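Chemist: Here it is, the structure in full.
Derivation of every value follows stated rules applied to the coordinates shown; laboratory data play no part. Note that the structure is predicted; figures quoted are calculated from it, not measured. Cβ placement follows ideal geometry from the backbone for every residue including glycine, while neighbour counts extend to all protein chains displayed.
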Amino acid sequence: MSRRQHKPRARGAPVTTVVVLRLYIVGGAPNSVQAIANLEAICREYLKDGHKLEVVDVLEHPRRALADGVLVTPSLAKLSPLPAANVVGNLSDKAKVLLALGLKGKVQ
Amino acid sequence: MRLKNLPLRLAKGGPEQQAIEAGEIDAIIDHASSNVILLPAARRALQEAAHEASKANSLLAALPPAEHQRLLAGLEPVTLKFGEVLQEPGVPIRYVYFPVDCAISLVTTIEGPEVGLVGYEGAVGISLALGVDVSSVRALVQATGTAMRMTAAHFDKTFHQCPALQRELYRYADAKLAMARQIVACNCFHAVEARLARWLLMTSDRVRSEEFFLTQAFLAEMLGVRRATVNEAAGPLQRRKLITYTHGRIRIVDRKGLEATACGCYTRIALNAPLRRSSSASPGLASSP
Ligand SMILES: [Zn+2]
């Protein structure tokens, strides 16, 4: 069911769905530091170059956090591909993050 | 935790609340008051980091612990980005900045060449200490980095209670004035190549790195010359393998060589000049290279 949107491609061409992520943090705060490290490790392992990650410091950009409806930090938003998903906390629960990213099938 | 007092709209038992209870949250964004509320552990961590960072500014580091502590209450760390304008001539000063690892250029007008460069050895906005609350210069962030910032109002209130800070700032103000005189004279009399070398060394000292980012346009502005002239001056420095300059990234490869190329103004505006007690003679232009 999660593979519905596969388009037919030329053989050998890589399937590249760019995952767009936004992580809301407080720079230098312990859970935020952990969340960044955890997310970067997951991206390296599962998404390689197929992702875009924007890190938003809510102390520097409080209006953005308010406008985007962020309630707590750290908070990870998957913006694309749909469906959008959210994970809050320091992202140490890898399975939960992968589920939100739509990568659950890839967990060993 | 003391979350009961907070005007939150977090669902009971929802993921946010669970994460808070698990200690995985740093801050709550309170949409009712439009505030970011730091949780205690995060607040403590940031305060400790601020305390550490502030020691990297020479003026703050020179203060006795009690005074340092008193000032810290009014200081907040901020990231200053390349190109950001902190002050404009004729405009009231809103903040005093104590750079930690950024560099700030002072220029007289929008187009004018530089008259000062401030890094971790100094502060921007110290006219306030001299009783002047309007800036006489434009303060432009030249290298991205952190600074500790205090509001003008808080500074006014605290400055009179901090004798050590007064001493530091008066001494620094004098050094800054000497620097401005030296740079103005340098801009008039010394060759662009020597000035460029001087300027790269000064920047490197203040950002505490042999590598930093600079656009050609910015360099031209700081030196008060045209872009083509910057190229003409930077070319020989590159060919002699003193620096590399690619895509705006400058790397000092041979510091000794660059020092030998720089005009004598570099050593006269030595980084530690502000920290030197009143022993040395004031810098002059008597012996040009
Ligand atoms: Zn000179």
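Chemist: So how strong a dipole does the protein assembly as shown carry about its Cα centre when Lys and Arg Cβ are +1 and Asp and Glu Cβ are -1, to the nearest 20 debye?
Modeler: Details: 49 positive and 35 negative charges, 245 e Å.
Dipole about the Cα centre, nearest 20: 1180 debye.
Chemist: Run through the range A:44-101 and list the trypsin sites (Lys or Arg not before Pro) located in a DSSP loop whose Cβ has at most 11 other Cβ atoms within 10 Å. Before the final figure, lay out each step's value.
Modeler: Details: sites: A:Arg44, A:Lys48, A:Lys52, A:Arg63, A:Arg64, A:Lys78, A:Lys94, A:Lys96; in loops: A:Lys48.
The qualifying sites are A:Lys48.
Chemist: Run the simple label-point estimate for A:Val20 and B:Ala260 please: 7 Å along Cα→C-beta, distance reported in nm.
Modeler: It works out to 5.5 nm between the two label points.
Chemist: Oh, and also: As an exercise, use a Förster radius of 30 Å and the Cβ-Cβ distance of B:Gln238 and B:Thr267 to find the FRET efficiency, rounded to the nearest 0.05. Please list the in-between numbers first.
Modeler: Details: r = 23 Å, r/R0 = 0.78.
Calculated transfer efficiency: 0.80.
Chemist: Which order do the peptides B:218-224, A:82-88 come out in when sorted by mean C-beta neighbours inside 10 angstrom, highest first? Don't skip to the answer; put the middle values down first.
Modeler: Working: B:218-224: 19.9, A:82-88: 15.3.
Top of the packing list down: B:218-224, A:82-88.
Chemist: Here is a further query. Take peptide A:54-66, look around each residue's Cβ out to 10 angstrom, count Cβ atoms belonging to other protein chains, and average those counts.
Modeler: Values: counts 0, 0, 0, 2, 5, 9, 3, 1, 5, 1, 0, 5, 6.
That works out to 3 on average.
Chemist: Which of these, B:Asp254, B:Asp26, B:Asp205, has the largest mean-square fluctuation under a Gaussian network model of chain B (Cα springs below 10 Å)?
Modeler: With Cα springs under 10 Å in chain B, the top fluctuation among B:Asp254, B:Asp26, B:Asp205 is at B:Asp26.
Chemist: List, in order, the whole-Hz ³J(HN,Hα) value for each residue of the range A:88-96 obtained from phi through the Karplus relation with A = 6.51, B = -1.76, C = 1.60 and θ = phi - 60°; use x for Gly and Pro.
Modeler: Computed from phi, the couplings for the range A:88-96 are 10, x, 8, 6, 7, 8, 4, 4, 5 Hz.
Chemist: Using 0.36 nm times the number of residues separating B:Ile37 and B:Ala191, minus their current alpha carbon distance, what extension gain do you get? Before the final figure, lay out each step's value.
Modeler: Details: separation 154, 0.36 × 154 = 55.44 nm, distance 5.37 nm.
Length gained, B:Ile37 through B:Ala191: 50.1 nm.
Chemist: Residues of the range B:124-155 with amide nitrogen under 16 Å from the 7 Å Cα-to-Cβ point of B:Thr108?
Modeler: B:136-139
Chemist: On to the next question. Output the pairs from A:Lys48/A:Lys78; A:Lys48/A:Lys104; B:Lys81/B:Lys176; A:Lys52/A:Lys78 with a Cα-Cα distance over 20 Å in this structure; if there are none, say none.
Modeler: Numbers: A:Lys48/A:Lys78 16 Å; A:Lys48/A:Lys104 16 Å; B:Lys81/B:Lys176 23 Å; A:Lys52/A:Lys78 10 Å.
Among A:Lys48/A:Lys78; A:Lys48/A:Lys104; B:Lys81/B:Lys176; A:Lys52/A:Lys78, the Cα-Cα distance tops 20 Å for B:Lys81/B:Lys176.
Chemist: Just from its helices, what would the mean residue ellipticity at 222 nm be for chain B, if runs of 4 or more DSSP H residues each count -39500 (n - 2.57) and the sum is divided by every residue, rounded to the nearest 500 deg cm²/dmol? Write down the numbers at each step before the final one.
Modeler: Working: 11 runs with 117 residues, N = 289.
For chain B, the value works out to -12000 deg cm²/dmol.
Chemist: Tell me, how many Å apart are the Cα centres for the range B:21-89 and for the range B:105-175?
Modeler: A separation of 19 Å, based on Cα centres.
Chemist: Which one, B:Cys162, B:Tyr97, B:Thr244, is farthest towards the positive end of the dipole of chain B when Lys and Arg carry +1 and Asp and Glu -1 on their Cβ?
Modeler: Of the candidates, B:Thr244 comes out farthest on the positive side.
Chemist: May I ask you to derive the FRET efficiency for B:Gln18 and B:Arg94 from their Cβ-Cβ distance with R0 = 45 Å, giving the value to the nearest 0.05? Working shown, then result.
Modeler: Working: r = 41 Å, r/R0 = 0.91.
The value I calculate is 0.65.
Chemist: Which of B:Pro236, B:Pro65, B:Pro15 moves most in a GNM of chain B, Cα contacts under 10 Å?
Modeler: Result: B:Pro15 has the largest fluctuation of those listed.
Chemist: Amide H of B:Gly74 versus every other amide H placed in the peptide plane: which residues, excluding those fewer than 5 positions away on the same chain, fall under 5 Å?
Modeler: none
Chemist: A further question on this structure: Assuming a ≥ b ≥ c are the square roots of the Cα gyration tensor eigenvalues, decide whether chain B counts as rounded (a/c under 1.5), prolate (otherwise, with a/b larger than b/c) or oblate.
Modeler: Working: a/c = 2.39, a/b = 1.71, b/c = 1.39.
Judged from the Cα gyration tensor, chain B comes out prolate (a/c at least 1.5, a/b above b/c).
Chemist: Shielding of A:26-37 by partners, i.e. mean partner chain Cβ atoms within 10 Å per residue? If you can, show how the numbers build up before the last one.
Modeler: Values: counts 10, 6, 10, 12, 8, 11, 5, 2, 2, 2, 0, 0.
Mean shielding count: 6.
Chemist: When chain B is modelled as a GNM with alpha-carbon springs shorter than 10 Å, which of B:Gln142, B:Gln182, B:Gln161 fluctuates the most?
Modeler: Maximum fluctuation in the GNM of chain B, among the listed residues, is at B:Gln161.
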